[in-house]
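K.L.:
Here it is, the structure in full.
The values are calculated or read from the model by the stated rules, or taken from the named source; none is laboratory data. Quick caveat: nothing in here was measured; it's all calculated off a predicted structure. All Cβ positions, glycine included, derive from the backbone under ideal geometry; neighbour counts span all protein chains shown. Just the protein is used for accessible areas: all its heavy atoms, side chains included, with ligands, DNA and RNA removed. Shrake-Rupley method; radii C 1.70, N 1.55, O 1.52, S 1.80 Å.
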Amino acid sequence: MLTLQNWLLFYEKNYVFVGRVTGRFYREDGLPTPELMQVEAMITKGLEANKQELKEKQKFPPCNAEWSSTRGSRFWCSLESGGVSRDWTGVPRKLYKPGAKEPHCVCVRTTGPPSDQTPDSSPHKNRGDLDHPNLGEYTGCPPLAITCSFPL
């Protein structure tokens, strides 16, 4: 639905409006049909999901990753890993999302309060988001290493 909305925005921006096609989305009097209203509701829901995903990506940016048939896999964090610029590097962790079959690698802050701590919360342990319940360490990777390698 968001792809459809992007297509619509492109045409609205680049072409002169001349009318509507009656049928599935517009009645003969030019008013929207219930189906169009459903589509618009789905687009709104998709935009909200995108906002939430961007917020999550700021909190847990994806790791950089590479694989080689001779060296195996490597995950690492940097100040711009996952395309997210920030002032901390972080360490690689497995993020388990409800409903996902497999975890994925994210970079996790190691200092300061947890990202979702409220001002009235008890004092934090200066461990950033390391204690988040949906995170797991990579076996064989030192807990505070910014790079994890998994040879073949």
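K.L.:
Taking all protein chains as present, what is the carbon and sulfur share of the accessible area of the chain, in % to the nearest whole number, probe 1.4 Å?
P.N.:
56 percent
K.L.:
Tell me the per residue accessible area of the chain using a 1.4 Å probe; a whole number in Å² is fine.
P.N.:
Here the per-residue accessible area is 73 Å².
K.L.:
Using a Cα-Cα cut-off of under 25 Å, which lysines could be cross-linked to LYS94, ignoring same-chain neighbours fewer than 8 residues away?
P.N.:
Straight-line reach from LYS94, under 25 Å: LYS51, LYS55, LYS57, LYS59, LYS125.
K.L.:
Let me ask something else. Calculated from DSSP H runs of 4 or more alone, at -39500 (n - 2.57) each and per residue, what is the 222 nm mean residue ellipticity of the chain, nearest 500?
P.N.:
Values: 2 runs with 39 residues, N = 152.
Theoretical 222 nm ellipticity from helices: -9000 deg cm²/dmol.
K.L.:
Once R0 is set to 35 Å, what does the formula 1/(1 + (r/R0)^6) return for the Cβ-Cβ distance between VAL84 and GLN38, expressed as a FRET efficiency to the nearest 0.05?
P.N.:
Numbers: r = 34 Å, r/R0 = 0.96.
That gives a FRET efficiency of 0.55.
K.L.:
Between VAL84, VAL16, VAL106, which gets the highest mean-square fluctuation from a Gaussian network model of the chain, Cα cutoff 10 Å?
P.N.:
VAL16
K.L.:
Taking R0 as 25 Å, what FRET efficiency do you get between ASN50 and GLN117 from their Cβ-Cβ distance, rounded to the nearest 0.05?
P.N.:
0.50
K.L.:
For helix 34-59, what angle does its Cα long axis make with the longest principal axis of the chain, in degrees from 0 to 90 and rounded to 10?
P.N.:
20 degrees
K.L.:
Gaussian network model of the chain, Cα springs within a sub-10 Å range: biggest mean-square fluctuation belongs to which of PHE17, PHE60, PHE75?
P.N.:
PHE17
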